[in-house]
């Protein structure tokens with residue numbers, strides 16, 4: 001049976017702080033859904049509400065059409081990793097999973113299966129207290145998979161992984177979605193989500209800012225922009241800006257241009273004798289799209305030190 005995660009008009013306050021302000025989205029089976037937003041945007045609170053750990057003041061969060069508290073054997077409906085450090089350090093990886101399996105009425109052999117699945121079979125008898133963050137992430141994901149649930153929810157699963165771990169995680173999440181599961185992944189690593197997620201939910205100040213496929217989001221941000229490579233970046237930017245374009249430097253020899261078609265950019269640069277190596281339609285990254293969408297939703301914004309300050 002296909003299972004969705006449905007968040008409907010969630011409102012939640014902590015004192016005077018409005019954590020959720022009408023949060024609403026659906027995580028559908030068969031795809032990896034990225035869940036992104038600035039610190040304080042409401043991601044962790046939303047995930048806690050889905051798992052029944054926080055109670056909303058209004059709205060609902062449903063797994064397969066029911067609240068978490070109403071689920072019989074909830075581990076068989078949704079598996080989650082919210083905190084990789086939430087493990088008894090004196091327990092071995094195997095005993096940690098065996099304890100969880102026993103508490104949920106699951107067969108003991110399942111612990112061995114998921115240890116192999118997440119790549120920890122060789123360290124199954126090592127104490128979790130000696131694990132790196134990346135290894136604890138894998139152990140937490142193993143715990144989430146114990147009951148083979150149709151929905152999976154992971155908070156920052158890429159944290160602490162080495163390059164091999166990143167590759168494994170991308171393939172692993174894709175395989176979970178390929179099995180028909182609904183997969184919700186919160187992450188601040190936009191590059192990893194761009195290579196992993198099929199769909200993305202961008203949130204800010206407790207509400208959804210964008211809810212669309214990654215392809216649609218990148219196309220919406222890229223539309224009408226041109227990437228220019230030139231050895232005379234400053235001259236090129238001046239010429240294009242004087243013609244009404246919006247220009248921004250994106251590298252030592254690259255410029256992004258908005259407001260002028262590619263053929264007009266070529267004509268202007270050639271007419272002013274500005275050399276260039278490439279003019280092409282710009283393809284935005286997920287990080288660019290994220291920064292554009294959440295520009296007004298950042299609550300905790302740092303400042304750069306003044307030049308020359310110590």
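Using 1/(1 + (r/R0)^6) with R0 = 35 angstrom and r between the beta carbons of residue 95 and residue 53, what's the FRET efficiency to the nearest 0.05?
0.90
Cα axis of helix 163-178 to longest principal axis of the chain: angle in degrees, 0 to 90, nearest 10?
70 degrees
Give the Rg (one decimal place) followed by the Dmax (whole number) of segment 225-281, computed from C-alpha coordinates and expressed in Å.
Final numbers for Rg and Dmax: 9.3, 24 Å.
For residue 21 and residue 246, FRET efficiency with R0 = 41 Å and r from the beta-carbon atoms, rounded to 0.05?
The pair residue 246/residue 21 has a calculated efficiency of 0.85.
Select from 100, 145, 268 the residue whose mean-square fluctuation is largest in a Gaussian network model of the chain (Cα-Cα springs shorter than 10 Å).
Sorting by GNM fluctuation, first place goes to 268.
Mind giving me the FRET efficiency for residue 122 and residue 258? R0 is 51 Å, r the Cβ-Cβ distance, nearest 0.05 is fine.
In this case the efficiency is close to 0.50.
Determine the shape class of segment 20-128: with a ≥ b ≥ c the square roots of the Cα gyration tensor eigenvalues, call it rounded for a/c under 1.5, and otherwise prolate if a/b is greater than b/c, oblate otherwise.
prolate
Taking the Cα atoms of segment 59-207, report the difference between the largest and smallest coordinate on each principal axis, in whole Å and largest first.
42, 39, 29
Length gain on complete extension for the stretch residue 168 to residue 195, per 0.36 nm per residue less the alpha carbon to alpha carbon distance?
Stretched out fully, the residue 168 to residue 195 stretch lengthens by 8.5 nm.
Residue 86 versus residue 132, label points 7 Å from Cα toward the beta carbon: distance in nm?
Using points 7 Å along Cα→Cβ, the separation is 2.4 nm.
Between residue 219 and residue 287, what is the spin-label point distance in nm, taking each point 7 Å from the Cα along the Cα→C-beta axis?
2.5 nm
Pairing the Cα long axis of helix 133-144 with the longest principal axis of the chain, what angle in degrees results, from 0 to 90 and rounded to the nearest 10?
60 degrees
Once you sort the root eigenvalues of the Cα gyration tensor of segment 163-261 as a ≥ b ≥ c, which label holds: rounded (a/c under 1.5), prolate (a/b larger than b/c) or oblate (the other case)?
Because a/c hits 1.5 or more and a/b exceeds b/c, segment 163-261 counts as prolate.
Under a 10 Å cutoff between Cα atoms, tell me which one of 288, 263, 179 has the largest fluctuation in the Gaussian network model of the chain.
Its mean-square fluctuation being the largest, the pick is 263.
Which residue, 236, 210, 284, tops the fluctuation ranking in a GNM of the chain built on C-alpha contacts under 10 Å?
Top of the fluctuation ranking is 236.
On average over all directions, what projected area in square nanometres does the chain have, based on the convex hull of its Cα atoms?
Mean orientational projected area (the chain, Cα hull): 20.6 nm².
How much mean residue ellipticity at 222 nm does the chain get from its helices, if each DSSP H run of length 4 or more adds -39500 (n - 2.57) and you divide by all residues, to the nearest 500 deg cm²/dmol?
-9000 deg cm²/dmol
Every number here is computed from the coordinates shown, using simple stated rules; none is lab data. Since this is a predicted model, take the numbers as computed values, not measurements. A quick note on method: Cβ atoms are made from the backbone with ideal geometry, for glycine too, and the neighbour counts reach across all protein chains shown.
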